[in-house]
Amino acid sequence: MNHDPFSWGRPSDETYGAYDTKIAQAPAFPKMNTTQPIVTGTSVISMKYNNGVIIAADNLGSYGSLLRFTNVERLIPVGNSTVVGISGDISDMQHIEDLLEEMKTENNYDNSYVDDEEALKPSYVFEYLATVMYNRRSKMNPLWNAIIVAGMEDKKPFLRYVNLLGVTYSSPTLATGFGAHLALPLMRRVVDREDDIEKTTLEVAENTILESMKILYYRDARSSRKFSMAIIDNDQGLILKKGLQVENMSWEFAKNIRGYGTQKV
Amino acid sequence: MAGLSFDNYQRNQFLTSKNSAQPKATSTGTTIVGVKFEGGVLIAADTRSTQGPIVADKNCAKLHRISPRIWCAGAGTAADTEAVTALIGSNIELHSLSTRRQPRVVTALQMLKQHLFEYQGHIGAYLIVAGVDPTGPHLMSVQAHGSTDVGYYLSLGSGSLAAMAVLESRWREGLTKDEAVSLAADAIEAGIWNDLGSGSNVDVCVMEVGKDAAYLRNYRTPNVREPKQQSYKFARGTTAVLKESIINVCDIEEQEVEIQA
């Protein structure tokens, strides 16, 4: 026995090696995986219409001001009634994709009615993601994203938002990032309140979304021309259109402008 | 033009390093737009003036007159937009009298940008300058640091993105006056509804070639307060009269006088 009182209660150095003093230098903050977003996706825009919802997002993964990855799919279908659109950090988006895959698998397991009553509903997918987002923020280890879950549930359109802070909200029109500043004013001219939803047809809603994607390509410096759009319709089901391009642009507006004031030539 | 003075540079560097916050540029709540049309140009603005989160003036006037046919919409620090517009407006009037010519938009633009550049952005004036002069209709913008831009449709202020979304969606070459007014007013409305820094009413000023400028104050009022539910007038007799005394302060003499025109 070691009679030195200062060695009592401690594992012996011979057996366990020298005492690791690093624990006394523990950092003030808990482990944070993402402290700043690196590769990012820009806006996700969405709106309800009389027979479903539409959601769209471009195919760009920016690396700061470098438009680095041009084949990023930011709309994730879950089952045949839900689409999850994600903006923000791409690595965290890929983690969420894994979580959703796991969710689908778990739901499938030992489930005879998985195609009918026990299919994953948008509200289930949303509640799960919202819980994950808030819990991660409470551990000071956020998933640096803004997510919109769109779908059809019990024949009614579902549209809800959750972000890295765990904040959630719902509206007939939703958008993340730049879309909130540029696209929402346009979408709200069509669907301003709940009562306007039943007056809006698929054609009008689709054109509004396409128009908004055009304006975003004009004015968001971190956006791309290529994008994807998903329509979840009551009758037609889930339609995911990939490889769409912004069309009918006008770049001729300044052909007669010279200089920035007094210049004439 | 006096040279730039860097006397305070060392002091400012010292202050920032000592963590006293660098004064941040504040984009004051506003939505302003300018739109060119066939035969003229128009500007429009909302009417909300804010002090932080508080609405200071529900119906302020953001459209300023530089000269009878050159008008200016101002976003940024209200005192700065007001003062710089009045200063340049005054100088333009003197210049116009001295040159015996109608003032030109590019003159006002040059005077504004040279003044604002001198103050290196500390005068927080973000302006859309528009007007008609012997050279034709013009639409331009000036930023607080002194840069200028030319365009057929422009928007500035915190509500500029909401307004620009509407302008990008519906502007095209060869708009008529009425189409342009409708487009500009809709663009301002986008700012009023979707931007918290903008609100209340829409002001418009139309400057057409060969005509006087038409200042349409409160062109649209989509935020009228609902009528008060009751009349809160006090009925006669609410305040009891205890004593009444009439004192003759002076003698009154009446005299009829005939006035010849």
>> Which of rounded, prolate or oblate describes the range B:54-209 when judged by the alpha-carbon gyration tensor and an a/c cut-off of 1.5?
In response: oblate
> Using a probe radius of 1.4 Å on protein heavy atoms only, what is the accessible area buried between chains B and A, both sides summed, to the nearest 100 Å²?
Replying inline: 1800 Å²
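Given an 8 Å cut-off on Cα distances and at least 6 residues of separation, report the relative contact order of the range A:55-175 as a percent. Write out the running numbers ahead of the final one.
Values: 187 pairs, mean separation 26.8, N = 121.
Normalised by residue count, the contact order of the range A:55-175 is 22 percent.
What percentage of the solvent-accessible surface of the protein assembly as shown, computed with a 1.4 Å probe over protein heavy atoms, is contributed by carbon and sulfur atoms? It would help to have the intermediate numbers written out before the result.
Values: 15700 of 31010 Å².
On the protein assembly as shown, the fraction of accessible area on carbon and sulfur atoms equals 51 percent.
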> Across chain B, where is the longest run that never hits GluC sites (Glu not before Pro) in a DSSP loop with at most 16 other C-beta atoms within 10 Å?
Replying inline: B:39-172
> Toward the positive end of the charge dipole of the range B:133-261, about the Cα centre and with charges on Cβ (Lys, Arg +1; Asp, Glu -1), which of B:Asn248, B:Ala261, B:Leu161 goes farthest?
Replying inline: B:Leu161
>> Rounding to the nearest 10 and keeping the result within 0 to 90°, find how far the Cα-based axis of helix A:202-219 lies from the longest principal axis of chain A.
In response: 70 degrees
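Exactly which trypsin sites (Lys or Arg not before Pro) in the range A:123-222 are in a DSSP loop and have at most 13 other Cβ atoms within 10 Å? Display every interim value, and only then the final one.
On the way: sites: A:Arg136, A:Arg137, A:Lys139, A:Lys155, A:Arg160, A:Arg188, A:Arg189, A:Arg193, A:Lys199, A:Lys214, A:Arg219, A:Arg222; in loops: A:Lys139, A:Lys155, A:Arg193, A:Lys199, A:Arg222.
Loop-located and lightly packed - A:Lys139, A:Lys155, A:Arg193, A:Lys199.
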>> Taking the alpha-carbon distance from B:Lys113 and a cut-off under 13 Å, which aspartates and glutamates remain once sequence neighbours fewer than 8 residues away in the same chain are dropped?
In response: B:Asp149
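Find, among the GluC sites (Glu not before Pro) in the range A:197-258, those assigned to loop by DSSP (not H, G, I, E, B) with at most 14 other beta-carbon atoms within 10 angstrom.
Here the GluC sites (Glu not before Pro) that fit, given the DSSP loop and packing criteria, are A:Glu198, A:Glu247, A:Glu252.
Shape verdict for the range B:165-237, please, from the Cα gyration tensor: rounded (a/c under 1.5), prolate (a/b greater than b/c) or oblate. If you can, show how the numbers build up before the last one.
On the way: a/c = 4.22, a/b = 1.96, b/c = 2.15.
Oblate, because a/c is 1.5 or more while a/b does not exceed b/c.
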>> Out of the trypsin sites (Lys or Arg not before Pro) in the range A:49-126, which ones are loop residues according to DSSP with at most 14 other C-beta atoms within 10 Å?
In response: none
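Using a 10 Å cut-off around each Cβ of peptide A:187-197, what is the average number of partner chain Cβ atoms that fall inside?
Details: counts 1, 4, 8, 0, 0, 1, 0, 0, 0, 0, 0.
Mean inter-chain Cβ contacts per residue within 10 Å come to 1.
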> For the range B:220-261, what are the per-bin percents of Cα-Cα distances with bins 5 Å wide, up to the bin holding the maximum?
Replying inline: 5, 10, 8, 8, 9, 8, 9, 10, 10, 16, 8, 0
> Where does the longest stretch of chain A lie that holds no chymotrypsin sites (Phe, Trp or Tyr not before Pro) found in a DSSP loop with 16 or fewer other Cβ atoms within 10 Å?
Replying inline: A:114-250
> Across peptide B:222-235, what mean number of C-beta atoms from other chains lies inside 10 Å of a residue's C-beta?
Replying inline: 0
> Tilt of helix B:78-99 relative to the longest C-alpha principal axis of chain B, in degrees (0 to 90, nearest 10)?
Replying inline: 80 degrees
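Cross-link list A:Lys48/A:Lys156; A:Lys264/B:Lys177; A:Lys22/A:Lys139; B:Lys36/B:Lys211; A:Lys214/A:Lys242: which exceed 18 angstrom alpha carbon to alpha carbon? Intermediate values should be presented prior to the final figure.
On the way: A:Lys48/A:Lys156 10 Å; A:Lys264/B:Lys177 26 Å; A:Lys22/A:Lys139 22 Å; B:Lys36/B:Lys211 15 Å; A:Lys214/A:Lys242 16 Å.
Over 18 Å apart, Cα to Cα: A:Lys264/B:Lys177; A:Lys22/A:Lys139.
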>> Buried by at least 10 Å² relative to the chain on its own: which residues of the range A:245-265 qualify, computing accessible area with a 1.4 Å probe on protein heavy atoms?
In response: A:Phe253, A:Lys255, A:Asn256, A:Ile257, A:Tyr260, A:Gly261, A:Thr262, A:Lys264
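With every protein chain left in place, what is the accessible area per residue of the range B:3-157 in square angstrom, probe 1.4 Å?
51 Å²
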> In percent, what relative contact order does chain B have, based on Cα pairs under 8 Å that are 6 or more apart in sequence?
Replying inline: 23 percent
>> To make sure I understand the rule: partners must be lysines, Cα under 26 Å from the Cα of B:Lys243, and not fewer than 8 residues away in the same chain. Which ones qualify?
In response: B:Lys233
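What's the local net charge at B:Gly40, with K and R +1, D and E -1, over the other residues with C-beta under 11 Å away? Spell out each step's value before the answer.
Values: positive: B:Lys36, B:Arg69, B:Lys177, B:Lys211; negative: B:Glu38, B:Glu208.
For residues surrounding B:Gly40, the net value is +2.
Evaluate peptide B:148-154: per residue, the Cβ atoms of other protein chains within 10 Å of its Cβ; return the mean as an integer. Can you show the working numbers first?
Values: counts 4, 4, 9, 4, 4, 1, 0.
That average works out to 4.
The values are calculated or read from the model by the stated rules, or taken from the named source; none is laboratory data. All figures in this text were calculated on a predicted structure; none of them were measured in a lab. Cβ sites come from the backbone with ideal geometry, for glycine too, and all protein chains shown count toward neighbours. Areas reflect the complete protein model, heavy atoms only, side chains present, ligands, DNA and RNA absent. Shrake-Rupley method; radii C 1.70, N 1.55, O 1.52, S 1.80 Å.
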